[in-house]
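A short worksheet on the structure shown next.
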Amino acid sequence: MTVSRLEPTRLKEIFDRVERMIEDRWEIPVRIKDVPNPFTGDLDGEQIHIDYDIEVEDALFVLVHLFGHTVQWNMSEDLREIAFLRPDKWTDELLARLSAYESEACQYSLQLLHEAGIHDLDQWVADFAACDSAYLMHFYKTGEK
């Protein structure tokens, strides 16, 4: 699956607007820093970290997606625990829980964008999320990156 590319200048404007909204409205610091490979972002429920060495399109998706997970982690201990699952074998039931977890994070991503006045990136978020989810499912089923 290919994600359509958007204009970098516009994406940077959106990133800046959403980053400011996350920090001002919810008081969640967003830090641009070195995030250890293979990750491009990270979170701890209190802060969002975005790797400094990724394209703005990737950074925007990581920002809104990790915001979605931050909302989940602060609303539900069960959802927070899904992020830390490390079973020896991923069963169909666990993969279904993970898929639902990822999907819900993307719903929060869309809500965030809408509240920021951005209503034309729904398909972009859906496409990016589908790629992300397909990667995760493949990785957890096979162990292959």
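Scan segment 82-97 for residues that are more than 23 Å from residue 111 (Cβ to Cβ) and modelled with pLDDT under 90 and jot them down.
Within segment 82-97, 84, 85, 86, 87, 88, 89, 90 qualify.
Which one is least open to solvent (accessible area, probe 1.4 Å) among residues in segment 39-55 that are part of a strand (DSSP E or B) and among the charged types (D, E, K, R)?
The residue in question is 51.
Please determine, by comparing only the residues of segment 19-38 that are open to solvent by 80 Å² or more (accessible area, probe 1.4 Å) and under 13 Å from residue 59 (Cβ atoms), which one is farthest from the chain's Cα centre (by Cα).
Among residues in segment 19-38 that are open to solvent by 80 Å² or more (accessible area, probe 1.4 Å) and under 13 Å from residue 59 (Cβ atoms), the one farthest from the chain's Cα centre (by Cα) is 33.
One residue is enough: does segment 93-100 have a residue meeting the conditions in contact with a Gly (Cβ under 6 Å, 6 or more places away or on another chain) and assigned to a helix (DSSP H, G or I)?
Scanning segment 93-100, I find no residue that is in contact with a Gly (Cβ under 6 Å, 6 or more places away or on another chain) and assigned to a helix (DSSP H, G or I), so the answer is no.
Please give the number of the condition residue 129 fails out of (1) in contact (Cβ under 8 Å) with a residue 60 or more places away in the chain; (2) surrounded by fewer than 18 Cβ atoms within 10 Å (Cβ to Cβ).
Status for residue 129: all satisfied but (2).
Let me spell it out: the conditions are (1) open to solvent by 60 Å² or more (accessible area, probe 1.4 Å); (2) at pLDDT 95 or above; (3) assigned to a helix (DSSP H, G or I); (4) of a type outside the set (Asp, Glu), and residue 138 meets all of them except one. Which number is the exception?
Here residue 138 clears every test but (2).
Here are some conditions: (1) assigned to a helix (DSSP H, G or I); (2) farther than 23 Å from residue 12 by Cβ. Residue 86 meets all but one. Which one does it not meet?
Answer for residue 86: the failing condition is (1).
When you check residue 119 against the structure, is it open to solvent by 60 Å² or more (accessible area, probe 1.4 Å) and either more than 30 Å from residue 91 (Cβ to Cβ) or in contact with a helix residue (DSSP H, G or I) (Cβ under 6 Å, 6 or more places away or on another chain) (or both), yes or no?
Considered against the rule, which asks whether it is open to solvent by 60 Å² or more (accessible area, probe 1.4 Å) and either more than 30 Å from residue 91 (Cβ to Cβ) or in contact with a helix residue (DSSP H, G or I) (Cβ under 6 Å, 6 or more places away or on another chain) (or both), residue 119 comes out as yes.
The values are calculated or read from the model by the stated rules, or taken from the named source; none is laboratory data. These figures come from a predicted structure and were not determined experimentally. Please note: Cβ atoms are built from the backbone with ideal geometry, for glycine as well, and neighbour counts cover all protein chains shown. The accessibility values were calculated without ligands, DNA or RNA, using every heavy atom of the protein model including side chains. Shrake-Rupley method; radii C 1.70, N 1.55, O 1.52, S 1.80 Å.
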